[in-house]
Amino acid sequence: MSLIRIEDIAHVRFAAPDLDEMARFAVSFGLVPVLQTADRLVCRGAGPAPAIHLTERGEARFLAVGFRAESLEDLERLAAAEGVAVADLDGPGGGRVVRLTDPDGHGVEVVAGQVPATPLPLPAAPSRNTGAARARTRIPVRLAPGPSTVVRLGHAVLEVTDFRRSEAWYKARFGFITSDEIQLAPEMAIGAFLRCDRGAQPTDHHTLFLLQSPRAPAFNHAAFEVAHLDDLMVGHARLKGEGRTPAWGIGRHI
């Protein structure tokens with residue numbers, strides 16, 4: 001039994017020395033800035049989440065991953081069990097937050113009570129021909145250049161020093177379930193894809209991936225869902241045209 005069962009990932013939070021440069025990258029990536037001051041930048045996607053990518057001014061580093069609790073009551077229960085306070089969220093959507101630190105020092109923020117944002121329009125997916133049907137006969141496809149349309153934050157990957165210890169910590173508090181485990185040898189697991197426990201309600205294959213790594217503790221990556229495959233390719237071309245350097249690149253995910 002876990003303390004609570006989270007609904008989904010909520011946001012990732014970073015620090016960066018130049019918020020103007022971070023805002024330029026965010027727009028090119030497909031995020032939508034909704035708040036920028038001298039000290040912080042808040043971005044959303046096209047979905048209902050009010051904030052999915054947050055940056056504060058400072059030395060470049062990862063600060064925290066955020067998860068969304070089912071209710072304010074769950075947030076209070078988590079706070080009481082952990083001996084921490086429930087604080088107000090200052091920013092788009094409002095709400096409340098509990099801030100924790102995992103065994104490797106990664107910041108973990110659990111939010112509830114946020115007011116959803118109005119979803120933004122998504123680009124329509126072009127008709128596709130397949131081996132079974134020709135839906136696009138004599139109709140060309142013309143894609144407008146520009147960034148991808150980020151819809152939502154999908155998952156985050158954290159590198160940890162002791163996978164089993166971190167797995168137990170996250171499962172005991174947030175109700176994560178293992179979808180797949182990575183083993184170097186029998187009984188020698190180094191990581192796992194963890195999903196939210198939503199009962200009969202379908203959920204993503206993974207919301208959090210924990211990886212035992214010699215670099216740990218470290219932030220590996222966050223993944224964002226975009227409108228469709230063509231939207232992904234258009235955004236890739238935009239970033240490549242701006243001289244951004246891919247860590248993997250499309251088709252290079254191992």
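So how many residues does the stretch 124-135 have that are of a type in the set (D, E, K, R) and not in a loop (DSSP other than H, G, I, E, B)?
Summing the residues that are of a type in the set (D, E, K, R) and not in a loop (DSSP other than H, G, I, E, B) in the stretch 124-135 gives 1.
So is Val97 hydrophobic (A, V, I, L, M, F, W, C) and open to solvent by less than 30 Å² (accessible area, probe 1.4 Å) or not?
yes
Identify, please: which residue in the stretch 188-197 is more than 16 Å from His155 (Cα to Cα) and surrounded by 15 or more Cβ atoms within 10 Å (Cβ to Cβ) and is, among those, farthest from the chain's Cα centre (by Cα)?
This residue is Ala189.
Among the numbered conditions (1) over 25 Å from Arg61 (Cβ atoms); (2) crowded, with 17+ Cβ neighbours inside 10 Å; (3) modelled with pLDDT of 95 or more, tell me where Ala81 comes up short.
Ala81 satisfies every listed condition except (2).
Applying the selection to the stretch 136-151, what residues are in a loop (DSSP other than H, G, I, E, B), within 26 Å of the chain's Cα centre (by Cα) and on the phi < 0 side of the Ramachandran plot?
Those that are in a loop (DSSP other than H, G, I, E, B), within 26 Å of the chain's Cα centre (by Cα) and on the phi < 0 side of the Ramachandran plot: Pro145, Pro147, Ser148, Thr149.
Return the only residue of Asp102, Asp39, Asp90, Asp74 being in contact (Cβ under 8 Å) with a residue 12 or more places away in the chain and open to solvent by 20 Å² or more (accessible area, probe 1.4 Å).
Asp39
Can you name the residue in the stretch 152-201 that is part of a helix (DSSP H, G or I) and hydrophobic (A, V, I, L, M, F, W, C) and is also nearest to Val27 (Cα to Cα) among such residues?
For the stretch 152-201, the residue satisfying everything is Phe174.
The values are calculated or read from the model by the stated rules, or taken from the named source; none is laboratory data. Being a predicted model, the structure only gives us computed values, none of them experimental. Glycine also receives a Cβ, built like all others from the backbone with ideal geometry; neighbour counts cover every protein chain displayed. These accessible areas exclude ligands, DNA and RNA; they are computed on the full protein's heavy atoms, side chains included. Shrake-Rupley method; radii C 1.70, N 1.55, O 1.52, S 1.80 Å.
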